[in-house]
Amino acid sequence: MQRQGSIGGSAVIRVRATGGILLVAHLAFVAWLTLRPLDVPWVMPANLQPFAGIQADLALGWREATRCIVEGLALLAPLGVLLPMAHGRTTSSPLGSLARTTTTAALISLAIELLQTGVPGQIVDVDSLLLNTLGVALAHTAVVPAARARLRSPRSHRVPVFQEEPSQGRTPTIPRVGMAP
């Protein structure tokens, strides 16, 4: 029996399935975007010093720096919502969920950076790892706790309660009739 205010089993399955499909689609897009070979005449060396790339972007001016930083934050930010959505739990600890999601996103970002070492035209940048992970943490913090609270609230999933109809009086009876021969 479903308790009032809890999300039903079929709804959990729909949320998980939707989250899983969107997660796979987003990761496929990210893989296409970051792991495709680029035809460039010259490639910068790998950036293994934290914040050196961000400082170089800031030296180019605030517009270029803002564009580069926002791109780094936004690339994996949807994972902050899609990973908990694919997990499908509404009663998870907010801090534990943030830690799991951020760690998973950091590992995915690290895998992308390591795979880029073998792709022509792509370079390894530790700053993109930091920005991607920060973007996931910000998206998770901004969306997931409020969404989970909304899913748990009794107002959002009220089961309709049908009112009993008022009595229409005594039930009529039919007098017994004998059987025909």
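The values are calculated or read from the model by the stated rules, or taken from the named source; none is laboratory data. Given the structure is predicted, the values throughout are model-derived calculations rather than measurements. No Cβ is skipped: glycine too gets one built from the backbone with ideal geometry, and neighbour counts run over all protein chains shown. What goes into the accessible areas is simple: the full protein's heavy atoms, side chains included, and nothing from ligands, DNA or RNA. Shrake-Rupley method; radii C 1.70, N 1.55, O 1.52, S 1.80 Å.
Below are the figures for this structure:
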{"quantity": "Candidates Ala147, Ala106, Ala86, ranked by Gaussian network fluctuation over the chain, Cα under 10 Å, top entry", "calculated": "Ala147"}
{"quantity": "Signed unit charges on C-beta, dipole axis of the chain, positive-most listed residue Gly61, Thr117, Leu27", "calculated": "Leu27"}
{"quantity": "Where labels lie 7 Å past Cα in the beta-carbon direction, separation of Thr117 and Arg100 in nm", "calculated": "3.1"}
{"quantity": "Nitroxide proxy distance, nm - points 7 Å out along Cα→Cβ at Ala59 and Thr173", "calculated": "10.2"}
{"quantity": "Accessible area in square angstrom per residue, the range 1-111, 1.4 angstrom probe", "calculated": "65"}
{"quantity": "Dipole magnitude (debye, nearest 20) for the chain, charges at Cβ of Lys, Arg, Asp, Glu", "calculated": "1320"}
{"quantity": "Cα convex hull of the range 53-154, projected area averaged across orientations, nm²", "calculated": "7.4"}
{"quantity": "Most to least accessible of His87, His140, His26 (protein chains only, probe 1.4 Å)", "calculated": "His87, His26, His140"}
{"quantity": "Structure-based [θ]222 nm, the chain - -39500 (n - 2.57) summed over DSSP H runs of at least 4, per residue, nearest 500", "calculated": "-20000 deg cm²/dmol"}
{"quantity": "Phe29 - accessible surface, heavy atoms, 1.4 Å probe, Å² rounded to 10", "calculated": "100"}
{"quantity": "Selection from Ala137, Ser92, Ala74, by position along the positive dipole direction of the range 1-156 (Cβ)", "calculated": "Ser92"}
{"quantity": "Ranking by accessible area, most exposed first, for Glu113, Glu165, Glu64, Glu71 with a 1.4 Å probe", "calculated": "Glu165, Glu71, Glu64, Glu113"}
{"quantity": "Axial C-alpha extent at least 15 Å, average Kyte-Doolittle at least -0.5 - helices from the chain (DSSP)", "calculated": "9-35, 62-74, 94-115, 126-152"}
{"quantity": "Accessible-area order (highest first, 1.4 angstrom probe) of the listed residues Trp32, Trp62", "calculated": "Trp62, Trp32"}
{"quantity": "Listed residues Arg14, Arg170, Arg150, most fluctuating in the chain (Gaussian network, C-alpha, under 10 Å)", "calculated": "Arg170"}
{"quantity": "Estimated FRET transfer efficiency when R0 is 25 angstrom, pair Leu107-Arg150 (beta carbons, to 0.05)", "calculated": "0.30"}
{"quantity": "Accessible-area composition of the chain, carbon plus sulfur, in percent [1.4 Å probe]", "calculated": "66"}
